[in-house]
1. Which whole-number percent gives the relative contact order of the range 149-281, counting Cα pairs below 8 Å spaced six or more residues apart?
2. Each residue of the range 209-214 in order: what ³J(HN,Hα) in whole Hz does its phi give by Karplus 6.51 cos²θ - 1.76 cosθ + 1.60, θ = phi - 60°, with x for Gly and Pro?
3. Under a 1.4 Å probe, what is the accessible area of the range 60-165 per residue, stated in Å²?
4. Under the definition of Cα pairs under 8 Å and six or more residues apart, what whole-number percent is the relative contact order of the chain?
5. Enumerate the calculated ³J(HN,Hα) couplings along the range 150-165 in order (Karplus 6.51 cos²θ - 1.76 cosθ + 1.60, θ = phi - 60°), each rounded to whole Hz, writing x wherever the residue is Gly or Pro.
6. Determine the shape class of the range 7-104: with a ≥ b ≥ c the square roots of the Cα gyration tensor eigenvalues, call it rounded for a/c under 1.5, and otherwise prolate if a/b is greater than b/c, oblate otherwise.
7. Accessible surface of Glu85 in the full protein assembly, 1.4 angstrom probe, to the nearest 10 Å²?
8. Taking amide H positions as placed in the peptide plane 1.01 Å from N, state which residues far from Gly209 in sequence (5 or more) or on other chains have amide H under 5 Å from it.
Amino acid sequence: MNKAWQNNIIMTSYYAPQGGLPSQNELITSRAVFTENYAVIPKGVMCDIVTSYLPHWHNMRCWILARPLSGFAETFSQYIVELQEKGGSDNPESDKSAEAVLFVVEGNITLTIEGKAHQLETGGYAYLPPACDWQIRNNDSKKAVFHWIRKAYEQVDGIAIPEAFVTNEKDITPTIMPDTNAWSTTRFTDPQDLRHDMHVNIVNLKPGGKVSFAETHVMEHGLYVLQGMAVYLLNQDWVEVEAGDFMWLRAFCPQACYAGGSDMFRYLLYKDVNRQVKLTL
């Protein structure tokens, strides 16, 4: 691994919502926006009053950042789940068609897959295929926070369903993008592995680095800012974003960014991949 990238990854941090409520003395104006092409949910919106509670879970709450909406984004849901001590679920997923990625941003969780227990600390990543038997628990005295990204798996004749796996970001060598030492991507699955119909990666930009063209493509995106700040192009608007913000982009919404501040700019990125385009809705 490039030494500079290695040093930056070692110093990596992950933002997690803190809850609470804004003061009655604060203005209502914020950076939250919902348009035909994109949405921005800033970190200040993720307070106690907008949390959800799910069946068959206990000592938990979650912020639901994305869900399929007719005429907007279609393919995925994304939650930030907070587990208090002994919180978790023995029956977390009721939809047998749903695959999932879990990514831990605070604390430690015990994830049991097909009867085998795995310890996921901060930076831990798990892929869970559809109809997978899994359970989750926070056995620590401190709270644990993780992202839970769900998608209905699109099975293809002759292509096997991927197996479950767990890893940690610190064990993945980032792929440096061509012709730059300022932009890399931490990939948890092989982009050419057609068993996978979604990717959840981490994009890393050094201060001053940029996504240097307006990406316009068929994949829709969920982007959660883990660290740092940037100015992000969303369709025709340049929007300031920082750690804790979430962006939701429709397919073909142009996007680019400039990383700012003194820290790395890093975000958790969802996209749908590797499948024939459906011709009916």
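1. 26
2. For the range 209-214, the Karplus-derived couplings read x, 8, 7, 8, 8, 7 Hz, x marking Gly and Pro.
3. For the range 60-165, the solvent-accessible area averages 41 Å² per residue.
4. Relative CO of the chain lands at 18 percent.
5. 3J(HN,Hα) across the range 150-165, in whole Hz: 10, 8, 6, 5, 9, 6, 10, 4, x, 10, 6, 6, x, 8, 5, 7.
6. Taking the square roots of the gyration eigenvalues as a ≥ b ≥ c, the range 7-104 is rounded.
7. Roughly 90 Å² of Glu85 is accessible to a 1.4 Å probe.
8. For Gly209, the qualifying residues are Ala259.
The values are calculated or read from the model by the stated rules, or taken from the named source; none is laboratory data. Just so it is clear, the structure is predicted and the values come from calculations on it, not from any experiment. All Cβ positions, even for glycine, are placed from backbone atoms using ideal geometry, and neighbour counts span all protein chains on display. Side chains are part of the model used for accessible areas, which takes the heavy atoms of the whole protein and leaves out ligands, DNA and RNA. Shrake-Rupley method; radii C 1.70, N 1.55, O 1.52, S 1.80 Å.
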